[in-house]
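Trainee: Input: one structure, supplied below.
The values are calculated or read from the model by the stated rules, or taken from the named source; none is laboratory data. Since this is a predicted model, take the numbers as computed values, not measurements. Every residue, glycine as well, gets a Cβ built from its backbone with ideal geometry; the counts of neighbours run over all protein chains shown.
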Amino acid sequence: MKVVVLENADQAADRVSAEILEALQKKPDLVLGLATGSTPIGVYSRLIQAHQVGRVDFSRVTTFNLDEYLDLPPDHPQSYRFFMHKSLFSGLNIHPSKIHFPPTQGPDLPGQCERYEARIKDCGGIDIQLLGIGSNGHIGFNEPTSSLASRTRIKTLTEKTLRDNSRFYESLETQPQMAATMGIGTILEAKKILLQAFGIKKADAVRAAVEGPVSAFWPGSALQLHPDVSLYLDSESASKLSLLAYYRRVEQNQEYLRQRDSK
Ligand code: GLP
C-alpha cells in the first residue's frame, strides 16, 4: 500500500485529481468508480474546474457509483444520485447513459445487482476506484463483517453508520436503514484504488486498514490484498499509524526516484 500523508484535504484532492486527469489523458474512455460523502468533494470540484477550462473531455467516460440508499428516489436530496448530480455530473459532460448506480428500486434486486456486476465487466472493469472510509472502517457500505469476497448486494447499515449520517436527516425514522453497495470483492477488482481519509474520526479506521490484520471486521483492511492502492491522508487521519515516520520517508524517496528518472 502506498501511504501518502499530507498537511490537509486540499493537498490530497490536488494529488488525487491529478492522478485521475492524467489517466483520462491516456485513456479517454476511462471507467471510474465513484464515492459519495464529504471526502471526495475536493476532487470533484477540481475535475469540474479542469473540464470547464477545456483541459479534459469526459464524453467517453463511464462511471459506476459504489453505493446508494434503498428506495430513495433519485430526486431525494439525501440520495447519492442527487449528491453526485450536484457535486460532479452537472459540471461535466458525461453522457447520462454512461452513469451507473447500484440498484435500489423496483423488483428483483438480487437479479439487478448481478446485472450491475455484469455491466462493470462489459465496460472492461473499473480503471480507477475512488474511496472514502467510514469511521467504523466500511468501504462503500460494506459494514464490519462483510465478506471479503462479497459482490454488489443490499446491506443493513450499522448503528454507527446511521449515527454518523444522521446529521443529514430530521429523525432516525426517516433515515434509510439499508443500501445497495458494490461488494468488497467487486472493489478489489478495480485496477487502481485511491482512498482519501481526513480528520481524527477516521484515524482508527485508517490504522486498521493499513496496519491491522486483514479482517472482515475492518473492511478497509481488505485493501491490503490489492496490488495498487494509494491512501491520501491528512495528518489527523494518519495520526495513529505506528510507522508514520517511515511512510513519510518512503514518499521522500519516491520523489527522489522521480527526479532521478527525469534527469
Ligand atoms: C458513507 C459512504 C462511504 C463513504 C463514507 C465516509 O456512508 N457510504 O462510501 O466513504 O461513508 O463518508 P464521509 O466522506 O462523509 O466521511
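Trainee: Among T161, T156, T145, T152, which is the only one that is out of contact with any Cys (no Cβ under 9 Å at 6 or more places or on another chain), over 18 Å from S221 (Cα atoms) and of a type in the set (S, T, N, Q)?
Mentor: Of T161, T156, T145, T152, the one residue that is out of contact with any Cys (no Cβ under 9 Å at 6 or more places or on another chain), over 18 Å from S221 (Cα atoms) and of a type in the set (S, T, N, Q) is T156.
Trainee: Residues in region 42-75 that are of a type in the set (F, W, Y) and part of a helix (DSSP H, G or I): how many?
Mentor: Count: 1.
Trainee: Could you grab me the full set of residues in region 125-176 that are farther than 27 Å from R207 by Cβ and in a loop (DSSP other than H, G, I, E, B)?
Mentor: Those that are farther than 27 Å from R207 by Cβ and in a loop (DSSP other than H, G, I, E, B): G125, D127, R151, T152, Y169, E170, S171, Q175, P176.
Trainee: Out of region 138-191, which residues are under 25 Å from G106 (Cα atoms), modelled with pLDDT of 95 or more, more than 11 Å from the ligand (Cβ to nearest atom) and of a type in the set (D, E, K, R)?
Mentor: R151, R153, listed by residue number.
Trainee: Give the number of residues within region 219-263 that are without any contact (Cβ under 8 Å) to a residue 24 or more places away in the chain, part of a loop (DSSP other than H, G, I, E, B) and acidic (D, E).
Mentor: Looking only at that region, the number is 0.
Trainee: Picking from Q78, Q52, which residue would you name as being in contact (Cβ under 8 Å) with a residue 24 or more places away in the chain and within 20 Å of the chain's Cα centre (by Cα)?
Mentor: Among Q78, Q52, only Q78 is in contact (Cβ under 8 Å) with a residue 24 or more places away in the chain and within 20 Å of the chain's Cα centre (by Cα).
Trainee: Against the conditions (1) more than 27 Å from E114 (Cβ to Cβ); (2) of a type in the set (D, E, K, R); (3) under 19 Å from the mean Cα position of the chain (by Cα), where does E170 fall short? Just the number, please.
Mentor: The failed condition is (3).
Trainee: Can you tell me which residues in region 209-240 are of a type in the set (V, I, T) and closer than 21 Å to P40 by Cα?
Mentor: V210, V229
Trainee: Can you name every residue in region 192-223 that is away from the ligand (no atom under 11 Å from the Cβ) and either in contact with a Lys or Arg (Cβ under 6 Å, 6 or more places away or on another chain) or among the basic types (K, R) (or both)?
Mentor: K192, A203, R207, listed by residue number.
Trainee: Residue check: is H95 surrounded by fewer than 15 Cβ atoms within 10 Å (Cβ to Cβ), touching a residue at least 12 places away in the same chain (Cβ under 8 Å), away from the ligand (no atom under 16 Å from the Cβ) and over 19 Å from A190 (Cα atoms)?
Mentor: Against the criterion (surrounded by fewer than 15 Cβ atoms within 10 Å (Cβ to Cβ), touching a residue at least 12 places away in the same chain (Cβ under 8 Å), away from the ligand (no atom under 16 Å from the Cβ) and over 19 Å from A190 (Cα atoms)), H95 qualifies.
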